[in-house]
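Notes follow the structure.
The values are calculated or read from the model by the stated rules, or taken from the named source; none is laboratory data. Just so it is clear, the model here is predicted, and its values are computed rather than measured. Neighbour counts are summed over all protein chains in view; Cβ atoms, including those assigned to glycine, are modelled from backbone coordinates with ideal geometry. Side chains included, ligands, DNA and RNA excluded: accessible areas come from the protein's heavy atoms. Shrake-Rupley method; radii C 1.70, N 1.55, O 1.52, S 1.80 Å.
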Amino acid sequence: QNDVDALLTRLADRGVTTGANRTLAYLKKFFKWCAAKKLIELAPTLTVEKPVKERRCDRWFDAGELVEVWWGTEALPLRPRLVVRSLLLTAQRRGEVSGMRWAELSGLGTDEAVWCLPAARTKNDRPHRVPLSPKMIELIEEAREQETGEFVFGAGDKPLWLGSREKARIDTAIAANRLAAGVKEPMPHWTFHDLRRTAVTHMYDALDLKAQVVEAVVNHISGTKGGVAGVYNQAKYSVQKRDALNRWAARVDLLL
């Protein structure tokens, strides 16, 4: 248990707050399995509590904040900058975007460009097709100009993972830009996952898209795809998803 506590403390001290809690969850599951298989007598995580109290997940960026974050990424090297901007344009999860592979892309250079996520790479274990807007394709082409391996945004055989270091660099750039504009208040706390929530919120609020289309864009199986409704509603909304993401990218362009 002391080893587990020390590991979680190190993560929390580095600012990897949510990651520390997720690490504990994985360890609890692993050691519970070990105990069930009689590999150990007692799980060392049995009485360990979450090291960090997580914030309520309701943060999203208004139009001004969205622009601040986008230009704040100028402080990053090319690959992490492209990942952050891709998070906003695609509305997909951080691990999915960071691990984007060239083999998952098809139709580049056409109006039917799409990113096909296999079931093994999605949270709900369902394959997911993400239509690529022209603006998103521009980011992919920027990545292509760099020497890469199988991963679009990675280097060699490893994907790129956004962490606290990249977040801090963006925050520093935003603070400097605000100070130059005479704004003393800091940007309220935010996380990379808020980019996904921001895209969804603007799709509803600014673009007035239907719930079933937005849910299809972000690969949710609740709401119109949950329970009995999901058994009968097998629509893929391919055309509507492309229209939604194209309109969202145009919205981002307009704000920028």
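Ignoring trypsin sites (Lys or Arg not before Pro) that are buried or in helix or strand per DSSP, and keeping those with at most 10 other beta carbon atoms within 10 Å, what is the longest stretch of the chain between them?
It works out to 57-183.
In square nanometres, what is one fourth of the surface area of the convex hull spanned by the alpha carbons of the stretch 104-210?
Its Cα hull, projected and averaged over all orientations, spans 9.7 nm².
Calculate the dipole size of the stretch 20-89 relative to its Cα centre from +1 charges on Lys and Arg beta carbons and -1 charges on Asp and Glu beta carbons; express the result in debye to the nearest 20.
540
Would you work out the relative contact order for the chain, in percent, from Cα pairs under 8 angstrom that are 6 or more residues apart?
RCO, the chain: 20 percent.
Could you state the accessible area per residue of the chain in Å², with a 1.4 Å probe and every protein chain left in place?
57
Using a/c under 1.5 as the rounded threshold, could you call the stretch 1-148 rounded, prolate or oblate? The axes a ≥ b ≥ c are square roots of the C-alpha gyration tensor eigenvalues, and prolate needs a/b larger than b/c, oblate otherwise.
In terms of gyration-tensor shape, prolate.
Work out the charge dipole of the chain with +1 on the Cβ of Lys and Arg and -1 on the Cβ of Asp and Glu about the Cα centre, then indicate which of Asn2, Ile221, Leu82 is farthest towards its positive end.
Farthest towards the positive end: Asn2.
Which aspartates and glutamates does Lys38 reach when only Cα atoms under 14 Å apart count, and residues fewer than 8 places away in its own chain are ignored?
none
Share of the chain's accessible area from carbon and sulfur, percent, 1.4 Å?
Roughly 54 percent of what the probe reaches on the chain is carbon or sulfur.
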